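The values are calculated or read from the model by the stated rules, or taken from the named source; none is laboratory data. The shown structure was predicted, so the numbers you read here are calculated from the model rather than taken from an experiment. Here the Cβ is made from the backbone with ideal geometry for all residues, glycine too, and neighbour counts use every protein chain on show.
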Amino acid sequence: MLGIGKHRRCRKAGELLSPYLDDEIAPKDRRRLSRHIAECSSCRRLLTNLTRTVDGLRRVGTRPT
Amino acid sequence: MTTIGLGPRLSDDALVARAKAGDDAAFEMLAERHSTPLRRLLYRMTRDCEAAKDAVQEALASAWRSLGRFEGRSRFSTWFTRIGINAAYSGMRRENELLFDPQDDLHRDIPDWGNQPDEVFESREYLAAVDTALQQLPDDYRTAVVLRDVQGYSTEEAAELLGIGQRALKSRLHRGRTALRARLDDHFAEEVG
């Protein structure tokens with residue numbers, strides 16, 4: 001799946017970030033994503049920012065309405 | 001029909017059975033138990049207090065009308081929440097414009113998250129940015145994100161509440177989160193700079 005050109009690898013990785021955060025990703029995809037993240041700084045930054053986004057949403061949820 | 005007095009807390013199932021048999025007090029107890037959480041959820045969806053209250057009222061009326069058809073295949077809370085979400089969706093479609101003023105008083109409502117003044121400022125600023133970005137998402141994406149990330153429902157529960165498959169829920173969630181992350185990019189860039 002990620003054994004393709006960098007642009008497509010990044011696009012595929014982007015699609016896997018959300019399920020990765022929810023731990024709803026197949027083990028095979030997790031391994032491939034982890035490998036890609038280790039070597040791609042832009043996807044690493046995307047993952048960091050997506051993590052912070054979701055963390056922010058969860059904290060918004062604890063705010064009284 | 002015996003009505004409910006003081007005593008041990010009855011389960012939703014027991015209250016539903018009594019309400020189906022015509023016990024108004026049992027339905028009122030269900031309404032009291034589940035209306036506030038539903039109102040909070042619908043407020044997150046609509047970001048409009050009045051719209052959320054209206055949708056809860058519609059949900060209560062609808063639940064009362066259709067309680068006889070409730071077969072208990074899902075929990076009462078799930079069934080009631082789904083009715084509320086549908087009512088809120090109808091309201092949103094009617095309004096078709098839920099843009100809010102980005103200058104509203106979000107900052108005032110956001111509690112402190114850290115002990116250091118800088119952390120407090122950072123958290124307030126960041127959460128306000130998250131909230132503003134959330135408001136700007138399309139309804140379907142916002143609802144998926146609110147249910148899953150803000151309210152903390154599981155993928156399975158959120159999909160059930162929306163009456164869609166888990167795959168569709170995940171797709172909306174992914175698109176919603178990605179759109180939010182993109183909207184917050186400036187904020188992240190400022191932090192680095």
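Out of all the residues in the range B:33-49, is one or more among the acidic types (Asp, Glu) and not in a loop (DSSP other than H, G, I, E, B)? Within the range B:33-49, none of the residues are among the acidic types (Asp, Glu) and not in a loop (DSSP other than H, G, I, E, B). Looking across the range A:1-11, the residues that are surrounded by fewer than 18 Cβ atoms within 10 Å (Cβ to Cβ) and assigned to a helix (DSSP H, G or I) come down to A:Lys6, A:His7, A:Arg8, A:Cys10, A:Arg11.
Yes or no, residue by residue, for (1) surrounded by fewer than 20 Cβ atoms within 10 Å (Cβ to Cβ); (2) modelled with pLDDT of 70 or more; (3) away from chain A (no Cβ under 14 Å); (4) closer than 20 Å to B:Gly163 by Cβ:
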position	(1), (2), (3), (4)
B:Pro102	yes, no, yes, no
B:Asp105	yes, no, no, no
B:Asp112	yes, no, no, no
B:Asn115	yes, no, yes, no
B:Glu122	yes, no, no, no
B:Glu125	yes, yes, no, no
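Closer than 21 Å to B:Glu58 by Cβ and at pLDDT below 95: does that describe B:Ser90? In short, yes.
Scanning the range B:141-181 for residues that are of a type in the set (A, V, I, L, M) and facing another protein chain (nearest Cβ under 9 Å), which turns out nearest to A:Tyr20 (Cα to Cα)? If you could, list the steps in order and put the result at the bottom.
Start the filter on the range B:141-181 by keeping residues that are of a type in the set (A, V, I, L, M), which leaves B:144-147, B:150, B:158-159, B:161-162, B:164, B:168-169, B:173, B:179-180.
Those still in the list that are facing another protein chain (nearest Cβ under 9 Å) too: B:145-146, B:150, B:173, B:180.
Values: B:Val145: 16, B:Val146: 19, B:Val150: 18, B:Leu173: 12, B:Leu180: 17 Å.
Checked the range B:141-181; the qualifying residue nearest to A:Tyr20 (Cα to Cα) is B:Leu173.
Restricted to the range A:38-65, and to residues there that are facing another protein chain (nearest Cβ under 7 Å) and not in a helix (DSSP H, G or I), the residue that is modelled with the highest pLDDT is A:Arg63. Of all the criteria given as (1) more than 11 Å from B:Arg177 (Cα to Cα); (2) part of a helix (DSSP H, G or I); (3) within 8 Å of chain B (Cβ to nearest Cβ), the one not satisfied by A:Glu24 is (2). Out of curiosity, is B:Leu134 modelled with pLDDT under 95, within 11 Å of chain A (Cβ to nearest Cβ), buried (at least 20 other Cβ atoms within 10 Å of the Cβ) and part of a helix (DSSP H, G or I)? For B:Leu134, the condition - modelled with pLDDT under 95, within 11 Å of chain A (Cβ to nearest Cβ), buried (at least 20 other Cβ atoms within 10 Å of the Cβ) and part of a helix (DSSP H, G or I) - is met. All of (1) under 10 Å from the mean Cα position of the chain (by Cα); (2) within 20 Å of B:Ser171 (Cβ to Cβ) hold for A:Ala26 with one exception: (1).
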